[in-house]
Every structure is written in structure tokens, then in C-alpha cells.
Amino acid sequence: MRLVRLPGVFPPHSDSQLLARTLARRVTRRDSVLDLCCGSGVLAVTAARAGADSVTAVDVSRRAVACTRINAVLNGTRVRALRGDLFAPVAGERFDLIVTNPPYVPGSTNPSHATGPARAWEGGAAGRALIDRICEDIVPHLRPGGRLLMVQSSVNSRERTEALLEDEGLEVNVVDSSRGEYGALLSARAPELERSGLISPGERVEDMLVVEAIR
Ligand SMILES: C[S@@+](CC[C@H](N)C(=O)[O-])C[C@H]1O[C@@H](n2cnc3c(N)ncnc32)[C@H](O)[C@@H]1O
């Protein structure tokens with residue numbers, strides 16, 4: 001895949017790559033796909049290259065939307081890229097597969113006050129501000145049998161994600177994961193997260209989890 005990245009747009013990390021691998025294995029030619037929080041468009045382009053019937057991508061950042069459009073063309077794919085807050089640009093629309101790598105790094109910044117590149121990672125106190133909204137708002141955007149593929153960290157509480165999605169009537173499983181040391185940002189915040197009780201003292205390893213939820 002050829003990817004360019006405009007200044008300020010999130011460069012795909014190991015979590016993006018983990019999710020892209022799962023996505024490529026699971027997308028089918030019948031699927032209408034929504035990539036929420038698309039950044040460079042790496043997941044949208046992955047879905048389109050894997051043969052999805054149609055692909056829509058949404059991001060709150062103008063540059064991310066422009067970058068996704070460029071990367072779609074560079075890879076000979078068609079992606080409808082829209083700017084806006086989570087599901088707002090696709091109000092009333094339903095999809096077979098929704099894929100998302102939302103901001104999920106815990107910290108004291110309120111994500112709705114984050115600006116510039118920080119919008120890609122600021123997830124609020126427990127890193128769940130966007131995750132919770134996605135879990136609570138997803139069902140009307142899934143066709144019957146439709147599914148969510150979302151990546152998050154074990155630091156964000158896998159149990160809470162499972163509980164929220166199950167409350168919405170979805171069947172939930174963790175379908176892929178990878179373990180690694182905290183990245184630079186999470187390491188820098190670890191003492192503060194220990195004090196708030198979000199992580200245990202000395203905890204510096206996280207699991208990246210790909211959560212699948214089926215309607
Ligand atoms: C972690 S990056 C993921 C980018 C890309 N999907 C990837 O995996 O490399 C999160 C993205 O979410 C976007 N974002 C943050 N808040 C958003 C919101 N409220 N609605 C839509 N997109 C949002 C950011 O601009 C950023 O591009």
C-alpha cells in the first residue's frame with residue numbers, strides 16, 4: 001500500500017497494523033464499510049483493496065479527510081471521505097462492517113478540547129471518551145448481522161467495552177491481540193495513571209485488543 005501523510009495526520013502505528021491485518025481477513029465483497037476516525041485512511045484503503053463493495057471514512061480533522069482522499073486515489077481505490085464528529089456525517093446510514101481505531105490514550109485532557117495532532121490520541125481520564133460513545137451509538141449504524149472491529153488497549157478496560165456492547169445486544173469477542181511495552185506517551189503518563197488507580201504500580205505492559213461485536 002502506498003501512503004502519504006499530511007502534517008499533523010496520525011501515522012499508522014502498531015495498533016493500526018494489527019487492526020488492518022484483522023480487517024483484511026474479515027472483509028467480504030458484499031460489505032459496505034465505515035472507517036471511523038480514519039486518519040491517513042490506512043484502514044479505509046485496506047478495506048477497499050480487500051474488495052469491499054463500498055467504503056466510507058470519517059474524521060474530525062480536515063487534513064485527515066484530505067489525506068484519506070489522496071491515499072485512496074494513490075492506491076486506485078474509491079473511498080468516500082467525510083469530515084465530522086464520529087457518526088454525525090453518516091446520520092441515518094447503516095453499514096455491514098464498521099472499523100475504528102479511536103483515540104484511547106488516558107490523560108487529563110478532555111478530548112473535545114484537544115487540538116491538532118493530539119486529537120488522534122487524547123481519550124480522556126480512562127481513555128474511553130470516544131470508545132464509550134462508539135459503543136453506545138453504534139447499533140443504529142449496523143445492518144442486521146453487521147459487525148464492529150475496534151482496537152483498544154487493555155489499559156482502557158476490555159471488560160467495560162464488552163459490557164457496553166453486550167448491553168446494546170451485540171455478541172462480543174476479542175479476535176486478535178498483541179502484547180508490548182507502553183509507548184512513549186503512555187510511559188510518560190504512567191506515574192499519573194498509577195496515582196489515579198487506572199494502572200497498577202509498575203505496570204508497563206499493555207495488550208492491544210481487537211474487539212469484534214456482531215449485531
Ligand atoms: C488513533 S488515530 C487513528 C487513525 C487511523 N485510523 C489509523 O489507524 O492509523 C485517531 C483518529 O481519530 C480522529 N478523531 C478524533 N476525534 C474524533 C471525532 N470526535 N470524530 C471523528 N474522528 C475523530 C483523529 O483526528 C485521528 O485521525
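The values are calculated or read from the model by the stated rules, or taken from the named source; none is laboratory data. Worth saying up front: this structure is predicted, and the values here are computed from it rather than measured. No Cβ is skipped: glycine too gets one built from the backbone with ideal geometry, and neighbour counts run over all protein chains shown.
Looking at 83, 69, 63, which one is touching a residue at least 40 places away in the same chain (Cβ under 8 Å), surrounded by fewer than 21 Cβ atoms within 10 Å (Cβ to Cβ) and within 15 Å of residue 9 (Cα to Cα)? Reasoning before the result, please.
Numbers: 83 fails: touching a residue at least 40 places away in the same chain (Cβ under 8 Å); 69 fails: touching a residue at least 40 places away in the same chain (Cβ under 8 Å).
Answer to the check: 63.
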Go through segment 134-158 residue by residue and tally those that are of a type in the set (A, V, I, L, M) and assigned to a helix (DSSP H, G or I). 3
Pick from segment 102-119 the residues that are in contact with a strand residue (DSSP E or B) (Cβ under 7 Å, 6 or more places away or on another chain) and not in a loop (DSSP other than H, G, I, E, B): which of them is modelled with the lowest pLDDT? 111
Conditions (1) in contact with a strand residue (DSSP E or B) (Cβ under 6 Å, 6 or more places away or on another chain); (2) within 26 Å of residue 191 (Cβ to Cβ); (3) surrounded by fewer than 23 Cβ atoms within 10 Å (Cβ to Cβ); (4) of a type outside the set (S, T, N, Q) -> residue 174 fails only (2)
State yes or no: is residue 55 buried (at least 22 other Cβ atoms within 10 Å of the Cβ), aliphatic (A, V, I, L, M), free of Cβ contacts under 8 Å to residues at least 40 places away in the same chain and under 14 Å from residue 149 (Cβ atoms)? yes
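I'm checking my understanding of the structure. Among residues of segment 56-84 that are in a loop (DSSP other than H, G, I, E, B) and near the ligand (Cβ under 10 Å from one of its atoms), which one is farthest from residue 36 (Cα to Cα)? Full working, then the answer.
Looking only at segment 56-84, we keep the residues that are in a loop (DSSP other than H, G, I, E, B), and these are 60-61, 75-79, 84.
Filter once more, so that each one left must be near the ligand (Cβ under 10 Å from one of its atoms): 60-61, 84.
Values: 60: 10, 61: 12, 84: 10 Å.
Checked segment 56-84; the qualifying residue farthest from residue 36 (Cα to Cα) is 61.
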In segment 14-35, how many are within 12 Å of the chain's Cα centre (by Cα) and either closer than 22 Å to residue 186 by Cβ or small (Gly, Ala, Ser) (or both)? 6
So which residues in segment 18-50 are assigned to a loop (DSSP other than H, G, I, E, B) and more than 11 Å from the ligand (Cβ to nearest atom), if there are any at all? 27, 28, 29, 30, 31, 50
Residue pairs within 7 Å by beta carbon, gap of at least six or interchain, first lying in segment 1-24 and closer than 17 Å to residue 117 by Cβ, second more than 9 Å from the ligand (Cβ to nearest atom) and modelled with pLDDT under 95, listed first then second, are 8/116; 11/5
Give me the residue from segment 177-200 that is free of Cβ contacts under 8 Å to residues at least 60 places away in the same chain, charged (D, E, K, R) and farther than 21 Å from residue 18 by Cβ and, out of that set, surrounded by the most Cβ atoms within 10 Å (Cβ to Cβ). 194
